[in-house]
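Colleague: One structure coming up, written as structure tokens, with questions to follow.
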Amino acid sequence: MAGKKSTGTALSAAHALPKAKGKRPAVILLHERYGIDQHTKDLTVKLAQAGFVGLAPDLFSRFTGDRKALQRGEVRVEIRDDEAIQDLDQAIDYLKKLDSVDGSRIALIGVCQTGRQPLLLAAHRNDITAVVVLYGAIGGREWLANELRPTPADQLVTGCASPVLGIFGEADHIISIDDVLKFRGCLEQSKKSYHVRIYHDAPHGWLNDTMPGRYRKEAAKDAWNLMMSFLKKSFSNGWDSNRITWTFESDYSTEYDFKKNVRME
């Protein structure tokens, strides 16, 4: 079942419930730069079909401008770290009050612009089971502190207490292979368990099947399966807290040149 709910004051969200009864793990899915669009709603339903309670909170709830322009990509809304923490704390509090949710098993998936927020929240609180970063969090300016985001990505990694899945593409015009390698290095230096994968010829946004120019069917299918496997492993205590596990998979050309990567529609 899918729909739209209010998680509390001013924060709305798309949600979907699995058919399975009883308390289920929950996955918070964070939207791309377009806000809660059809792609976000579709993924929330897919999470429910996989057996999870899916919730996609609107991190642009404070935005009062043209929503249609936002969904067309003509407007960009920046997300402040303090406001994101406030919103996501509220979303988790909401989930933990639901009879259908096992509050000890909550994970986050960040996509594109919101790839940073799962790491941010996992560095802020210690009850996040797992985090997934989907072609976000580590591009260019994310490594630098600023007024909106005072904590750079490497410090978020250091503070993250959850296992991390990072999924990236060779043809991404925002996140370079060097960024991914830097991310890997931060995870290893901080002794964090992780699984990171770089997909062959995948541009930025390649999971989004509503955008034919960037969608990559086979990579999207494989990445979704990887995410579901990672989440199920995490929710079943598959990560030994006394062990540090690293998995890094890459598939990119020996002639790779980040400068040649372009934005796909």
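The values are calculated or read from the model by the stated rules, or taken from the named source; none is laboratory data. What you see is a predicted model; the values in this text were computed from it and never measured. Reconstructed Cβ throughout: ideal geometry from the backbone, glycine too, with neighbour counts over all protein chains shown.
Colleague: Kindly establish whether Lys41 is basic (Lys, Arg) and within 24 Å of Val101 (Cα to Cα).
Modeller: Taking the combined requirement at face value, the residue satisfies it.
Colleague: Inside region 168-193, can you point out the residues that are closer than 22 Å to Lys232 by Cβ and out of contact with any helix residue (DSSP H, G or I) (no Cβ under 7 Å at 6 or more places or on another chain)?
Modeller: As a first pass, look at region 168-193 and keep what is closer than 22 Å to Lys232 by Cβ: 168, 187, 192-193.
Ser193, the sole residue that qualifies.
Colleague: Could you list, ordered by first residue, the pairs with Cβ atoms under 6 Å in which the first is in region 244-260 and surrounded by 12 or more Cβ atoms within 10 Å (Cβ to Cβ) and the second is assigned to a helix (DSSP H, G or I) and among the charged types (D, E, K, R), at least 6 apart or interchain?
Modeller: Phe248/Arg184
Colleague: Can you tell me how many residues within region 57-85 are assigned to a loop (DSSP other than H, G, I, E, B), crowded, with 16+ Cβ neighbours inside 10 Å and of a type outside the set (Asp, Glu)? Step through it out loud before you land on a result.
Modeller: Of region 57-85, the ones assigned to a loop (DSSP other than H, G, I, E, B) are 58-66, 72-80.
After this cut, where a residue has to be crowded, with 16+ Cβ neighbours inside 10 Å as well, the list is 58-61, 75, 79.
From what is left, the residues that are of a type outside the set (Asp, Glu) are 59-61, 75, 79.
So the answer is 5.
Colleague: State all residues of region 127-154 that are part of a helix (DSSP H, G or I) and either aliphatic (A, V, I, L, M) or more than 16 Å from Tyr194 (Cα to Cα) (or both); if no residue qualifies, say none.
Modeller: We begin by selecting, within region 127-154, every residue part of a helix (DSSP H, G or I); these are 140-143, 153-154.
Across region 127-154, the qualifying residues are Gly140, Arg141, Glu142, Trp143, Ala153.
Colleague: Would you please name the residue that is farthest from the chain's Cα centre (by Cα), looking only at residues in region 114-163 that are over 21 Å from Ile174 (Cβ atoms) and among the hydroxyl-bearing types (Ser, Thr, Tyr)?
Modeller: It comes out as Thr158.
Colleague: Which condition does Leu181 not pass, out of (1) surrounded by fewer than 17 Cβ atoms within 10 Å (Cβ to Cβ); (2) of a type outside the set (D, E, K, R); (3) under 18 Å from the mean Cα position of the chain (by Cα), if it passes all the others?
Modeller: Tallying (1) surrounded by fewer than 17 Cβ atoms within 10 Å (Cβ to Cβ); (2) of a type outside the set (D, E, K, R); (3) under 18 Å from the mean Cα position of the chain (by Cα), Leu181 fails exactly one: (3).
Colleague: Got a sec? Which of Val131, Val157, Val196 is crowded, with 20+ Cβ neighbours inside 10 Å, under 19 Å from Ser234 (Cα atoms) and either of a type in the set (Lys, Arg) or touching a Lys or Arg at 6+ places or on another chain (Cβ under 6 Å) (or both)?
Modeller: Values: Val131 fails: either of a type in the set (Lys, Arg) or touching a Lys or Arg at 6+ places or on another chain (Cβ under 6 Å) (or both); Val157 fails: either of a type in the set (Lys, Arg) or touching a Lys or Arg at 6+ places or on another chain (Cβ under 6 Å) (or both).
Answer to the check: Val196.
Colleague: Select from region 184-197 the residues that are charged (D, E, K, R) and within 15 Å of Ala161 (Cβ to Cβ) and write down the one among them that is farthest from the chain's Cα centre (by Cα).
Modeller: Going through the qualifying residues, I end up with Lys191.
Colleague: Here's a follow-up. Quick check: anything in region 181-199 charged (D, E, K, R) and part of a loop (DSSP other than H, G, I, E, B)?
Modeller: Yes, region 181-199 has at least one match.
Colleague: Now, a different point. Considering (1) at pLDDT 95 or above; (2) surrounded by 15 or more Cβ atoms within 10 Å (Cβ to Cβ); (3) in contact with a Gly (Cβ under 7 Å, 6 or more places away or on another chain), say which one Leu88 fails and leave the rest.
Modeller: Unmet for Leu88, out of (1) at pLDDT 95 or above; (2) surrounded by 15 or more Cβ atoms within 10 Å (Cβ to Cβ); (3) in contact with a Gly (Cβ under 7 Å, 6 or more places away or on another chain): (3).
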